[in-house]
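First up is the structure itself, then whatever we jot down about it.
The values are calculated or read from the model by the stated rules, or taken from the named source; none is laboratory data. Note that the structure is a prediction, hence the values are computed from the model and not measured. All Cβ positions, even for glycine, are placed from backbone atoms using ideal geometry, and neighbour counts span all protein chains on display. These accessible areas exclude ligands, DNA and RNA; they are computed on the full protein's heavy atoms, side chains included. Shrake-Rupley method; radii C 1.70, N 1.55, O 1.52, S 1.80 Å.
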Amino acid sequence: MFDSKDIEKSPIKELVSENYVFAAVLHYFGISFFQYEHNSLFEVCKKYKINSQQLIDELESWAKVKEPTSEELYLHPIEVLVSYLKRKHYFFVRQELPFLSNMISGIKVNEDIYAGILADLKIMFPLFVDDFIHHIHEEESRLFNRIKLLHQIESDEYRLNDALHILEKSPVTLLSEAHDAHDDEMEGIRKLTKDYFLPEDAPISMKVLYNELQVFEKELSIHAQIEDQLLFPKAIELEKEVLRKVKKKIRNN
């Protein structure tokens, strides 16, 4: 539990230094932490007409979030896996990418080296975001819709000949081969930030930015592994089973 009275009196810079998650929670409430580093939480909440206890409760809620393991996901049917991945896509697009973009575009620093890095990130990151969102849309429109289609065929929502035609066109194996894990998409950002290295005396705003970029890249890597090692194998097996059933029904007719 967090002591709300102590937290309310503390400067934003101090709170964020102790727990970088606080920066993301502030962003969730529409507050850019780097604009109010020297203000207390009480002052910022008053300015934005936010109940400070509500913000603290949200911080506690975020601190308790626990992602399912690959083993746990493996035990669930493919529909649950797709639902989980869709929620992660939504979180990336609605929370994490805007948070990172807000920091990259808004952070002001006096040191030339950091100002130069931020200037480069302002060019690189929007390109990454555009490509990433395109990747998500393509994945949902092709792979997720393909899985939905397989369930519809399995539920006899298509005539047998139509079902066979659909199954033989654009199989999941082709989608799997074309799948891009997107790890290399952040290679340029890793090089620019020297693998997210910062000296101890770097501004707190840069420390939070580098940490969040690194966390996001790790999340992308885990996300890609779940897709490659769980979703695609499950989808391929589902497709094989549905095709087997359809061919059997055709033979029996």
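One table, with the values for the structure above:
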{"quantity": "Carbon + sulfur, % of accessible area of the chain - ligands and nucleic acids excluded, 1.4 Å", "calculated": "51"}
{"quantity": "Helix 145-154 vs. the chain, principal-axis angle (Cα, 0 to 90°, nearest 10)", "calculated": "40"}
{"quantity": "Residue 206 - accessible surface, heavy atoms, 1.4 Å probe, Å² rounded to 10", "calculated": "0"}
{"quantity": "³J(HN,Hα), Karplus 6.51/-1.76/1.60, whole Hz, each residue of segment 223-231, x for Gly, Pro", "calculated": "4, 5, 5, 4, 5, 6, 9, 10, 5"}
{"quantity": "Neighbour count of at most 14 Cβ within 10 Å plus DSSP loop: longest trypsin sites (Lys or Arg not before Pro)-free window in the chain", "calculated": "195-253"}
{"quantity": "Computed helical MRE - 222 nm, the chain, DSSP H runs ≥ 4 contributing -39500 (n - 2.57), nearest 500", "calculated": "-21000 deg cm²/dmol"}
{"quantity": "Those aspartates and glutamates that a straight Cα-Cα span of less than 19 Å connects to residue 169, excepting residues fewer than 8 apart in one chain", "calculated": "138, 139, 140, 154, 156, 157, 177, 237, 239, 241"}
{"quantity": "The chain: angle of helix 97-106 to the longest principal axis, Cα-based, in degrees nearest 10", "calculated": "30"}
{"quantity": "Reported label for calculated Rg and Dmax of the Cα atoms in Å given (1) 23.0, 77; (2) 21.3, 89; (3) 20.2, 81", "calculated": "(1)"}
{"quantity": "Those GluC sites (Glu not before Pro) in segment 151-253 that DSSP places in a loop and that have at most 13 other beta carbons within 10 Å", "calculated": "157, 200"}
{"quantity": "Estimated distance in nm for a label pair at residue 253 and residue 162, the labels positioned 7 Å out from Cα along Cα-to-Cβ", "calculated": "1.1"}
{"quantity": "Cα-Cα over 19 Å, subset of 13/194; 64/88; 191/218; 148/248", "calculated": "13/194; 148/248"}
{"quantity": "Per residue, in Å², the accessible surface of segment 88-182 once ligands and nucleic acids are set aside, probe 1.4 Å", "calculated": "56"}
{"quantity": "Relative contact order [Cα under 8 Å, 6+ residues apart], the chain, whole percent", "calculated": "22"}
